[in-house]
Amino acid sequence: MIRLIAITRDVSPAIAACELTHLAREPIDLNRAKEQHRAYEKVLERLGCVIERLPADAQMPDAVFVEDTAIVFDEIAVITRPGAESRRSETPAVASALSRHRTLVHIEEPGTIDGGDVLVVGHVVFVGRTSRTNDAGLDQLRRALTPFGYSVVPASVRGCLHLKSAITALDDRTLLTNRRWIADQQFAGFELVDFGSSESMAANIVRVGSGLLYASSFPRTLEHLERRGYSVTTVDVSELAKAEGAVTCCSLIFAVER
Ligand code: CIR
């Protein structure tokens, strides 16, 4: 039997000291952020995941954004070396949790990768070259994945933090995009949908089994998605968004056989 695991991590009491690149700092209501995070986990459960929640750490303001610390494939899990130095201490707890499910491969210095820069669609792995992810990290990822038949495709991104701020998958053929931040031709072979609305952060959606989890703050894009027949469950993550996080960032979702 196949079951889905979602690794999450509690919101740090220090989240107000998070890294920010494209956003101005705003006060974050910690209790509200925690409530939103619990609601996010509940949706993951409803969509079929078993939650493995790691504890918060007062020294790690951004640790709720577990996505950046690892990339999980059917065959291995790659433990990243996050681009922001302040986030490098986040990886051991995630590696320890993942070691129960997968063989681990570690990105080593001078490589850096944030999981938010890695979009996996079937056996194609798009890697955003950003301030967080460098070519050494990308080359190490490619070496780790080539034996398993994945192709690693570099993608340039401009104007946002991570590749997955600009593009994520709706299914195996269709990518939800914000064309202002990426160039289409890099994603040849896929259908790109961009509803061209003013909802600039709306290209981040998470596939959970056959469902989709999405932030409730993009009603226009949601309407377009539903009109196209996608079944989407929404959650309010507005406090976490002030820390420049989106829905993909708060979990590592993968299948295990039980
Ligand atoms: C950071 O700048 O690292 C965090 N404040 C936000 C990380 C969001 N992660 C993601 O999009 N994968």
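So, in the stretch 21-59, exactly how many residues are acidic (Asp, Glu) and in contact with an Asp or Glu (Cβ under 9 Å, 6 or more places away or on another chain)?
Here is the first cut: in the stretch 21-59, the ones acidic (Asp, Glu) are 26, 29, 35, 41, 45, 52, 57.
Now narrow it down to the ones that are in contact with an Asp or Glu (Cβ under 9 Å, 6 or more places away or on another chain): 29, 35, 57.
So the answer is 3.
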Considering every residue within the stretch 120-134, establish whether at least one is open to solvent by 10 Å² or more (accessible area, probe 1.4 Å) and touching a Lys or Arg at 6+ places or on another chain (Cβ under 7 Å).
-> no
Within the stretch 217-232, identify whether any single residue is closer than 29 Å to Asp135 by Cβ and in contact (Cβ under 8 Å) with a residue 24 or more places away in the chain, and answer yes or no.
-> no
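Restricting to the stretch 34-51, what's the tally of residues that are surrounded by fewer than 18 Cβ atoms within 10 Å (Cβ to Cβ) and either in contact with a helix residue (DSSP H, G or I) (Cβ under 7 Å, 6 or more places away or on another chain) or closer than 12 Å to Cys250 by Cβ (or both)?
Narrowing the stretch 34-51 to residues surrounded by fewer than 18 Cβ atoms within 10 Å (Cβ to Cβ): 35, 38-39, 42, 45-46, 48, 50-51.
Next, from what is left, pick out any that are either in contact with a helix residue (DSSP H, G or I) (Cβ under 7 Å, 6 or more places away or on another chain) or closer than 12 Å to Cys250 by Cβ (or both): 38-39, 51.
Number satisfying all stated conditions: 3.
Within the stretch 17-29, can you find the residues that are within 11 Å of the ligand (Cβ to nearest atom) and either open to solvent by less than 80 Å² (accessible area, probe 1.4 Å) or outside any loop (DSSP other than H, G, I, E, B) (or both)? Talk me through it step by step, then tell me what you get.
Residues of the stretch 17-29 that are within 11 Å of the ligand (Cβ to nearest atom), as a first pass: 17-23, 25, 28.
Of everything in the stretch 17-29, those that are within 11 Å of the ligand (Cβ to nearest atom) and either open to solvent by less than 80 Å² (accessible area, probe 1.4 Å) or outside any loop (DSSP other than H, G, I, E, B) (or both) turn out to be Ala17, Cys18, Glu19, Leu20, Thr21, Leu23, Ile28.
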Counting only residues that are within 13 Å of Phe65 (Cα to Cα) and surrounded by fewer than 22 Cβ atoms within 10 Å (Cβ to Cβ), how many does the stretch 75-85 have?
-> 1
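Suppose we keep only residues that are charged (D, E, K, R) and within 16 Å of the chain's Cα centre (by Cα) within the stretch 86-119. Which one would you say is surrounded by the fewest Cβ atoms within 10 Å (Cβ to Cβ)? Steps first, answer last, please.
Taking the stretch 86-119 first, the residues charged (D, E, K, R) are 87-88, 90, 100, 102, 108-109, 114, 117.
Subset that is within 16 Å of the chain's Cα centre (by Cα): 87, 90, 114, 117.
Values: Arg87: 22, Glu90: 27, Asp114: 28, Asp117: 30.
So the residue we want is Arg87.
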When (1) touching a residue at least 60 places away in the same chain (Cβ under 8 Å); (2) buried (at least 24 other Cβ atoms within 10 Å of the Cβ); (3) not in a strand (DSSP E or B) are applied to Gly159, the one that fails is (2)
Pick from Gly245, Gly189: which is out of contact with any strand residue (DSSP E or B) (no Cβ under 7 Å at 6 or more places or on another chain), of a type outside the set (A, V, I, L, M) and closer than 23 Å to Cys49 by Cβ?
-> Gly245
Looking at (1) within 25 Å of Arg228 (Cβ to Cβ); (2) open to solvent by less than 30 Å² (accessible area, probe 1.4 Å), can you tell me which one Leu138 breaks?
-> (1)
Say whether the condition of being in contact (Cβ under 8 Å) with a residue 24 or more places away in the chain, of a type outside the set (Val, Ile, Thr) and in a loop (DSSP other than H, G, I, E, B) is met by at least one residue in the stretch 30-46.
-> no
Quick check: is even one residue across the stretch 186-204 within 16 Å of the ligand (Cβ to nearest atom), open to solvent by less than 10 Å² (accessible area, probe 1.4 Å) and either touching a residue at least 60 places away in the same chain (Cβ under 8 Å) or among the hydrophobic types (A, V, I, L, M, F, W, C) (or both)?
-> yes
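The values are calculated or read from the model by the stated rules, or taken from the named source; none is laboratory data. Predicted, not measured: the structure shown is a model, and the values here were computed from it. When we count neighbours, we look across all protein chains shown, and the Cβ atoms used for this are built from the backbone with ideal geometry, even at glycine. Just so you know, the surface numbers come from the protein's heavy atoms only, side chains and all, with ligands and any DNA or RNA stripped out. Shrake-Rupley method; radii C 1.70, N 1.55, O 1.52, S 1.80 Å.
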